[in-house]
1. Taking the stated definitions as given, is A:Gly54 under 30 Å from A:Arg222 (Cβ atoms) and modelled with pLDDT of 85 or more?
2. Please specify each residue of segment A:304-314 satisfying the condition of being touching a strand residue (DSSP E or B) at 6+ places or on another chain (Cβ under 7 Å) and among the charged types (D, E, K, R).
3. So which strands (runs of 3 or more DSSP E) stay within segment A:1-88 end to end and still have 1 or more residues that are polar (S, T, N, Q)?
4. Somewhere in segment A:181-200, is a residue more than 9 Å from chain B (Cβ to nearest Cβ), touching a helix residue (DSSP H, G or I) at 6+ places or on another chain (Cβ under 9 Å) and among the charged types (D, E, K, R)?
5. Scan (1) of a type in the set (D, E, K, R); (2) crowded, with 19+ Cβ neighbours inside 10 Å; (3) free of Cβ contacts under 8 Å to residues at least 40 places away in the same chain for the single condition B:Lys53 breaks and write down its number.
6. State the number of residues belonging to segment A:48-72 that are surrounded by 14 or more Cβ atoms within 10 Å (Cβ to Cβ), over 16 Å from the mean Cα position of the chain (by Cα) and of a type in the set (Gly, Ala, Ser).
7. In segment B:201-212, is there at least one residue being at pLDDT 85 or above and either at positive phi or aromatic (Phe, Trp, Tyr) (or both)?
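The values are calculated or read from the model by the stated rules, or taken from the named source; none is laboratory data. Everything quoted here is computed from the prediction, not taken from an experiment. Ideal geometry is used to build each Cβ from the backbone, glycine not excepted, and the neighbour counts take in all protein chains shown.
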Amino acid sequence: MSAIFEVENLSLHYLTRFGNKVHAVNDVSFTMEQGEILGIAGESGCGKSTLVNGLMGLFIPPLHPTSGNVRVGGESLMNRSPKDIRQNVLSRKVSMIPQGAFNALNPVRKVKDIAADVMAAHMKDMDRKHIYERLKERFDLFGMETEKVLNAYPIQLTAGERQRSVIGISTLLNPQMVIADEPTSALDVTTQKVVIKLIFDLLEKGIFSTMIFITHELPLLRHVADNIAIMYAGQIVEKGTAEQVVFDPRHPYTKALMGAMLSADEGQKSRKPTAIEGAPPNLANPISGCRFAERCPSVKPDCKNKEQVIRIVGDRQVRCEYAE
Amino acid sequence: MQNKIFDAENCVRTFGHGKKIVTAVDDVTFDIKDGEIVSLVGGSSCGKSVLAKMMLGLHKPTSGNFLYKGKPITDHKAHWREVQSVFQDPFSCFNQFFTIRSQLKAAFGIYKEKPSNAEMEERVDESLMAVNVKPSEIEGKYPFELSGGQMQRMLLARIFVLRPQVLIADEPTSMVDACVRANILDYLMKLKKELHMTIVFITHDIGLAYYVSDRLFIMHKGKIVEQGSPEEVTTKPKSEHTVQLLEDIPDVNREWIKKK
């Protein structure tokens, strides 16, 4: 199978108003094949959401690309204007499911109007009546009361219905590639399950097939993703299949992340979740050496001076010299 | 004999009237004893936040009795000297226009007589150290300059400043990632140990509740459907809603949703 989505050495930075550069994403590379689900996990502020903007090619100042390339089906997304990206790439090729469903919906418009606008913008020759019919067909798949949801204002819906509507709107035009940026982290566990089920449903029905799923819940990724990439301070520190990363982590940071997980299983109460001490490095300053060295439990003397590169350890990529 | 902190008897709270009446808390009876950590667990819109607001005296029950230390809550200021809370979103709890330090100091306003300025400064410093933030780190900083995890710690620092007897924690960890969550739980445990506090912990994650609490209340649609020790509730759940809550947590070792 050929790669549908390729990211090569992507680096992104924010330009502050004092002229400083904050290097939020550094040297990220991966390729995805048709039908693959890639999970990206990491703590808050590690550059997950910045990466999402970069992957869509949507560079709105203060975000700028430093170097690297993103290709969807062979087509490069770099050095294109936001207008061009919105018209030709978003919704059709790459679509994003945003983080807060409530902030993503216009509060003074009905859900059906918001959705119809997306279709109207991309299919100029279609009249409103046909658009509403197509909308109804699509929303019927979601297991909600279609009429009620389409004719409601966002505030009248529950959080779960809102999130499902947003997923519906994002996937209206059958995009090749969906990027879900923490679609469930504001929901309770029951609603979260419903939303994940909907995503699986859409995958099965072939609405879309390739997805990047971003979250900070590793246990959730284990069930959703085929492959998992762990991010720390703007870099991917470990990438492998879901089973490999969750059950047999190699990078010290992944190990520490797994240690911070909770479980309601029997006999787990004595096993205290351990927090990782310290804070990630400030990305506005130039960093030499391993970025995790300050907090690493198994730090070696030369870690702070040597830049770590991706190497292959036991069938997966790890950015640590000493990982076995 | 332990004293009862909260005592609810057939508590009902409704909103609206006529056809649009919504019953948020439906005929709830429970008590919370001194020095306990109690968790209220339920999905969204099950009435747990309304119950929390009742404990803070912000809502009165429509019918039934809700007593704090044997008396109904009347004087809010006196009540808040003893009962304080931590909320879900720390950014909406602080005023954007004042520095964090000045707001921590302003918390002393709840007392009848403020301590001297030097003593207030000292106590703010102490409580910042208690949540692992160096006072110099937040010197002159405004709420929007800090990250979510840091802000959540500032809210906890405020609790260390005031040293209340009862803490209502309304989803303090649902906005933060797993590492920060473990951190915040540690601080809650520290609060309990150092200040001998009664903590009411509200969450939708039964795993979290299992880890911190002495007793669990499971809520569904305004009713408490099950209560008991964490071991009992998680290993031998009686109510279908508890089973549902337990099943819905994604766990690494268990089948969750079948991928097609």
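1. Spelling it out, A:Gly54 is indeed under 30 Å from A:Arg222 (Cβ atoms) and modelled with pLDDT of 85 or more.
2. A:Arg311
3. A:3-15, A:21-33, A:63-72
4. There is at least one residue in segment A:181-200 that is more than 9 Å from chain B (Cβ to nearest Cβ), touching a helix residue (DSSP H, G or I) at 6+ places or on another chain (Cβ under 9 Å) and among the charged types (D, E, K, R).
5. Only one criterion in (1) of a type in the set (D, E, K, R); (2) crowded, with 19+ Cβ neighbours inside 10 Å; (3) free of Cβ contacts under 8 Å to residues at least 40 places away in the same chain is unmet by B:Lys53, namely (2).
6. Result for segment A:48-72: 1.
7. Looking for residues that are at pLDDT 85 or above and either at positive phi or aromatic (Phe, Trp, Tyr) (or both), one finds at least one in segment B:201-212, hence yes.
Per-residue answers, yes or no, for (1) aromatic (Phe, Trp, Tyr); (2) out of contact with any Leu (no Cβ under 6 Å at 6 or more places or on another chain); (3) away from chain A (no Cβ under 14 Å); (4) farther than 30 Å from B:Phe6 by Cβ:
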{"residue": "B:Pro115", "(1), (2), (3), (4)": "no, yes, yes, no"}
{"residue": "B:Glu121", "(1), (2), (3), (4)": "no, yes, yes, yes"}
{"residue": "B:Val133", "(1), (2), (3), (4)": "no, yes, no, yes"}
{"residue": "B:Arg153", "(1), (2), (3), (4)": "no, yes, no, no"}
{"residue": "B:Ser174", "(1), (2), (3), (4)": "no, yes, no, no"}
